[in-house]
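Have a look at the structure below before the remarks.
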Amino acid sequence: MRLFSIAKSFLRSLFRKQQIDAELDDEIRSTVELLADQKIKEGMPPDEARRAARIELGGVEQMKERVREASAGAWLEMLLQDLRFGLRMLGKNPGFAAIAILTLALGIGANTAIFSVINALFLHPPGVSGPARVVTVRARYDKLGLKNIVVSAPDFAQIRDSHAIFSSAAMASNSGFNYTAALYPQRLTGAGVTSQWFNVFGAKPVLGRDFTPEEDQPNANHEVVLSYGAWQEWFGGRKNILGRTIELNEQPYRVIGVMGPEFRWPDVDLWVPLGLPPQSFDPANIFNESYFAVARLRANVSFSQASAYVGLLSQRNIQAPSFAFGRRSGWGLFIMPFTQLVYGDLTTPIEVLSGAVVFVLLIACGNIAGLLLAKVSGRTKEIAVRAALGASRPRLLFQMMVESAVLAIAGVLVSLFVAYAGVKALGLAAPHTLVAGLGFALNSRVLLFALLIGAFSVALFGGISAWHFSRIEPAHHLRESVRTATSSRTQQRIRSVLVAGEIALGLVLLAGTALLLRSLSGLDHVNPGFTPQGVVTAAVSLPATQYDTQAKQDAFYRSVLDHLAQSPGIESAGAGFPLPFTGNNPSASFQIEGRPATPDSPGPHSDIRYVTPGYFTTLRIPLLRGRFFTNEDRSGSQRVAVIDANLARQYWPDQNPVGEKIRSASISSAPWATVVGVVGHIRFDQLTGAEASNGSSQSSSKGAVYYSLFQGGAPYGYLMVRGAGSSANALSGSIREAVNVVDTHLPVYDMKTMNSLIEASLGPRQFAASLLAVFAGLALMLSAVGLYGLVSYGVAQRTNEIGIRIALGARRSDVLGMILRQGLTLVIAGTAVGTAAALALTRAMKGFLYGVSPFDPFSFLTAAVVLILVAIVACYIPARRAMSVDPMEALRHE
Amino acid sequence: MATEPTNLLQGTLDLMILKALALQEMHGLGISRRIEQITKGTFQVKPGSLFPALHKMEEAGWLSSTWGESENNRRAKYYRLTKAGRRQLETETERWGRISLAIGRALEAS
């Protein structure tokens, strides 16, 4: 009913505005006359009576305004009127509007983008329902320097059987499949998973079903679930894929399901049942770790409860009498939140970037506050006139709020575009390893966040306007000669503080960026222990059906390497597993002949690699003692091994290890191998810091044992070539050709230069550096705009004064100096504060910087210089305008 | 001492206007004089409060207006109660009676 009368009154005022207005006019005039009549009757002279009547009734316009305000639809009409007025005012000052809107959009948009990404990464990894309930199960060996590695099947079995704590558990092992039915032989990535894998993540297939426990058996595991991407790319996204049989690694697999587009754990093309035989779960296998295990907590179990439980499980295992090796090596089982394992590396950079982006937002808000402040005080006269004409204070306040709201809404709308573009750009720019499987999209919660910021800015800016002009007294400001000196001085002071603050924030960001960039360039010069430049690598995987004996595998590698050796432009070629900087780094225990195991130490432990002689020469790993492998070191001849300098130092500190005998400790009755050479230690996963791969961490001083590829068997491995002056394309072509000649059906994949592999390991740092640089650039630009605006405005305000000075004889250069000096004082102040703040804050980046202290003076100096240079330009342009003030013009204006 | 009605509840002014128009139609000035009359000088309604109230009540449908001629042959806008206005007058009168009774009792209580 009320709504109806509001609508009615509003529509009436809309369509019959002039008529109503005219009627009001008439009514008021008639009332004046009636009142005058009354007074005349009481004895007043007619003129006086009419004047008295008019005074009593008050101003006609004011009366009309009050009547209008009283009508029911009044506020709606007011709102529209203010909206129109606000838009018109903005239209008159497009520059101001554009700068304000863009500034707001940049600040809000950047924040929304970053927080969308954070949300995706840490709170809602795609394809997982209830990610807080999913944990990974990890193992560690404190005394072997292995802090966080995958687990064994018996480890997993213990978790799986703890039904009270975990509602489901599963493990996975990465594998690859050769798929030959496409145009060229393709290498599809895959994972063998136990039947509960998808349940742990709460993921449902979009087509078909996932695995049953019966299918997760050694010889029954020929079903496959496709990933959405693989389904679209290799099988045309056709619904009739269900039930079809495809050939993988020359074995038939029946397609039983397809997963949805977000589910990418792990980021593979397909999943097959793991199908482990019961022997794998034999307790003796407890130290053979090779599986990635996950579990889902029961609804009523907290993470700390589950963690404590697993700790107890660990303890119980350790106390078992047969667990000697575990005790000696400091073995333990523990759980970690799934998101932390997958994204843990990103915590610090994300924190740094969140801070940076909030700085940008603060600077943006500072600029807008300054702009609005300037705008409002510029309209003091206008507001005074309107107040004198009868606009009530609340009315004026409302109108200012509406103007701010229009700006804020426009800013929020544009910020949506900025945020969307920002999120997409982040997704593209982020290193693939970090964000594999992530769908980068704006999400509704973050959108809400943006809207909240928008609302907050309306309140803030409206509040500023309201505060400022609530001090306006119409009578005072309408007087001609009054200069709004005092109010503009306070305003200038506030703006100066704002700009100084922005400059300080900008300096912090610049300093951080400088530090990161210096650190990165330092990393470029770290010596990894071998020469990656000029080496091209590729991966192959020999299907078990075709290459079922070691002899066949050996033959393959020999043929390929022979072929490569004869190819033009190739200096050396080799093969082996693993390759540095590919994320694989297997390790194992070994025994030294003549050194029986002592009861409390876990025994010798090393990284373990299978290589051909060419591996060393192609990568240019230096030989320190003895010899490399030769082609004579093959199956049937004496078993040999080469160790690296770290292993030599660790286990043979005072003697020559060449001639010593070692053998694998895990394989019983493994033959002894004679150490024939010592090579230099090489960096294998990271250029600096603790080596880590696949989320495993180990100390970088661990030594390595190399065995001859032809004495160990390698169903999968890497080929590498070094070319004398050939291009990477030519080299990869040679590899492909060589493999093709030996086996036309074998796919060659992951073709990469060694350099790009190393650079990829720097991915997170480079990403963080580029992002920080973008934010620092934004901050710098916004601060410069703010400074420019401030100085410009100051010059405009003081045009009069400048004119007087020049007329009185001041030189133009003096004027320039005066303006510049004032601007630069501000800049210096801001830089000083910023430097202090940066010194306090950059220690947060410590873990990220290599070879550079967080207080590196060179970086700080560079940052300060860049900032001051930009600031000088920002001050100089308006200062030049001050120089060219014509005193006559200036004095004529108010 | 005259009390400015807008210091009291807005509804009080509305009620006074309705009462003033109960017997005959009047123009704005006349309404103001009548209110002064029937309240024995306690309420002196300023035009600044009267006209907004009149227009609001007209919008609400309690009053209707026509242009007519005053005593001195001046044009003036005359207001009269509508049926809804009469109903509103009854309702408000009764409500006001209840309120004043309650307040009176409260003040007498110890």
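The values are calculated or read from the model by the stated rules, or taken from the named source; none is laboratory data. Since the model is a prediction, treat every value here as computed from it, not as a measurement. No Cβ is skipped: glycine too gets one built from the backbone with ideal geometry, and neighbour counts run over all protein chains shown. Keep in mind that these areas ignore ligands, DNA and RNA; they rest on the heavy atoms of the full protein, side chains included. Shrake-Rupley method; radii C 1.70, N 1.55, O 1.52, S 1.80 Å.
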Check your understanding: Restricting to the range A:252-300, what's the tally of residues that are open to solvent by less than 30 Å² (accessible area, probe 1.4 Å), under 20 Å from A:Ile335 (Cα atoms) and at pLDDT below 90?
Key -> 2
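For every residue, the table says whether it meets (1) surrounded by fewer than 18 Cβ atoms within 10 Å (Cβ to Cβ); (2) within 9 Å of chain B (Cβ to nearest Cβ); (3) at positive phi; (4) part of a helix (DSSP H, G or I).
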| site | (1), (2), (3), (4) |
| --- | --- |
| A:Ala7 | yes, no, no, yes |
| A:Leu11 | yes, no, no, yes |
| A:Gln19 | yes, no, no, yes |
| A:Ala22 | yes, no, no, yes |
| A:Met44 | yes, no, no, no |
| A:Ala53 | no, no, no, yes |
| A:Arg68 | no, yes, no, yes |
| A:Leu76 | yes, no, no, yes |
Check your understanding: Among the residues of the range B:56-97 satisfying the criterion of being surrounded by 17 or more Cβ atoms within 10 Å (Cβ to Cβ), within 18 Å of B:Arg34 (Cα to Cα) and facing chain A (nearest Cβ under 10 Å), which is modelled with the lowest pLDDT?
Key -> B:Ser70
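Of all residues in the range A:526-540 being among the aliphatic types (A, V, I, L, M) and closer than 21 Å to A:Asp644 by Cβ, which is surrounded by the most Cβ atoms within 10 Å (Cβ to Cβ)? Let's see the steps before the verdict.
The initial filter retains those residues of the range A:526-540 that are among the aliphatic types (A, V, I, L, M), namely A:526, A:535-536, A:538-540.
Retained after the next criterion (residues that are closer than 21 Å to A:Asp644 by Cβ): A:526, A:535.
Numbers: A:Val526: 15, A:Val535: 25.
Among them, the one singled out is A:Val535.
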Check your understanding: In the list A:Glu660, A:Glu593, which residue meets the criterion of being surrounded by 16 or more Cβ atoms within 10 Å (Cβ to Cβ), over 30 Å from A:Ala724 (Cβ atoms) and of a type in the set (D, E, K, R)?
Key -> A:Glu660
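Residues of the range A:847-894 being hydroxyl-bearing (Ser, Thr, Tyr) and out of contact with any Ser or Thr (no Cβ under 8 Å at 6 or more places or on another chain), which ones? Give the steps one after another, and end with the answer.
Initially, the range A:847-894 is screened for residues hydroxyl-bearing (Ser, Thr, Tyr), giving A:850, A:853, A:859, A:862, A:876, A:884.
Within the range A:847-894, A:Ser853, A:Ser859, A:Thr862, A:Tyr876, A:Ser884 qualify.
Across the range A:78-95, which residue is farthest from the other protein chains (Cβ to nearest Cβ) among those that are in contact (Cβ under 8 Å) with a residue 24 or more places away in the chain and farther than 20 Å from A:Phe4 by Cβ?
Of the residues in the range A:78-95, the ones in contact (Cβ under 8 Å) with a residue 24 or more places away in the chain are A:78-79, A:82-83, A:85-87, A:89-90, A:93.
Now drop any that are not farther than 20 Å from A:Phe4 by Cβ, which leaves A:82-83, A:85-87, A:89-90, A:93.
Values: A:Asp82: 20, A:Leu83: 23, A:Phe85: 23, A:Gly86: 26, A:Leu87: 29, A:Met89: 28, A:Leu90: 32, A:Asn93: 35 Å.
Looking at residues that are in contact (Cβ under 8 Å) with a residue 24 or more places away in the chain and farther than 20 Å from A:Phe4 by Cβ, I get A:Asn93.
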**Study point:** Enumeration of residues in the range A:723-742 that are assigned to a helix (DSSP H, G or I), of a type in the set (Gly, Ala, Ser) and under 39 Å from the mean Cα position of the chain (by Cα)
**Key:** A:Ala728, A:Ala730, A:Ser732, A:Gly733, A:Ser734
Practice item. Report yes if A:Gly344 is closer than 30 Å to A:Ala504 by Cβ and at pLDDT below 85, otherwise no. Key: no
Exercise for review: Kindly indicate the residue of the range A:24-42 that is facing chain B (nearest Cβ under 8 Å) and under 18 Å from B:Gln44 (Cβ atoms) and also surrounded by the fewest Cβ atoms within 10 Å (Cβ to Cβ) among those meeting that condition.
Suggested key: A:Gln38
Check your understanding: Could you give every pair whose Cβ atoms fall below 6 Å, whose first residue belongs to the range A:642-666 and is touching a residue at least 24 places away in the same chain (Cβ under 8 Å), and whose second residue is of a type in the set (D, E, K, R) and part of a strand (DSSP E or B), counting only separations of at least 6 or pairs across chains?
Key -> A:Val658/A:Arg625
**Study point:** Candidate set: the range B:30-55, residues that are surrounded by fewer than 17 Cβ atoms within 10 Å (Cβ to Cβ) and among the polar types (S, T, N, Q); chosen: the one farthest from the other protein chains (Cβ to nearest Cβ)
**Key:** B:Thr42
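Based on this model, can you work out whether A:Pro580 counts as without any contact (Cβ under 8 Å) to a residue 40 or more places away in the chain and either open to solvent by less than 20 Å² (accessible area, probe 1.4 Å) or in contact with a Phe, Trp or Tyr (Cβ under 9 Å, 6 or more places away or on another chain) (or both)? Give the derivation first.
Numbers: without any contact (Cβ under 8 Å) to a residue 40 or more places away in the chain: no; either open to solvent by less than 20 Å² (accessible area, probe 1.4 Å) or in contact with a Phe, Trp or Tyr (Cβ under 9 Å, 6 or more places away or on another chain) (or both): yes.
So A:Pro580 does not fit the description; no.
Could you say which residue among B:Leu8, B:Leu101, B:Leu107 is open to solvent by 60 Å² or more (accessible area, probe 1.4 Å), modelled with pLDDT under 85 and more than 14 Å from chain A (Cβ to nearest Cβ)? Spell out the reasoning first.
Numbers: B:Leu101 fails: modelled with pLDDT under 85; B:Leu107 fails: modelled with pLDDT under 85.
Just a single option satisfies the conditions, and that option is B:Leu8.
Could you pull out the residue among A:Ala874, A:Ala882 that is in contact with a Phe, Trp or Tyr (Cβ under 8 Å, 6 or more places away or on another chain) and among the aliphatic types (A, V, I, L, M)? If you could, list the steps in order and put the result at the bottom.
Details: A:Ala882 fails: in contact with a Phe, Trp or Tyr (Cβ under 8 Å, 6 or more places away or on another chain).
A:Ala874 is the lone residue from the list that is in contact with a Phe, Trp or Tyr (Cβ under 8 Å, 6 or more places away or on another chain) and among the aliphatic types (A, V, I, L, M).
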Point to revise | Per-region count, the range A:314-373, residues open to solvent by 30 Å² or more (accessible area, probe 1.4 Å) and more than 31 Å from the chain's Cα centre (by Cα) | key: 12
Exercise for review: Name every residue in the range A:833-861 that is open to solvent by less than 70 Å² (accessible area, probe 1.4 Å) and aromatic (Phe, Trp, Tyr), in order of residue number.
Suggested key: A:Phe848, A:Phe860
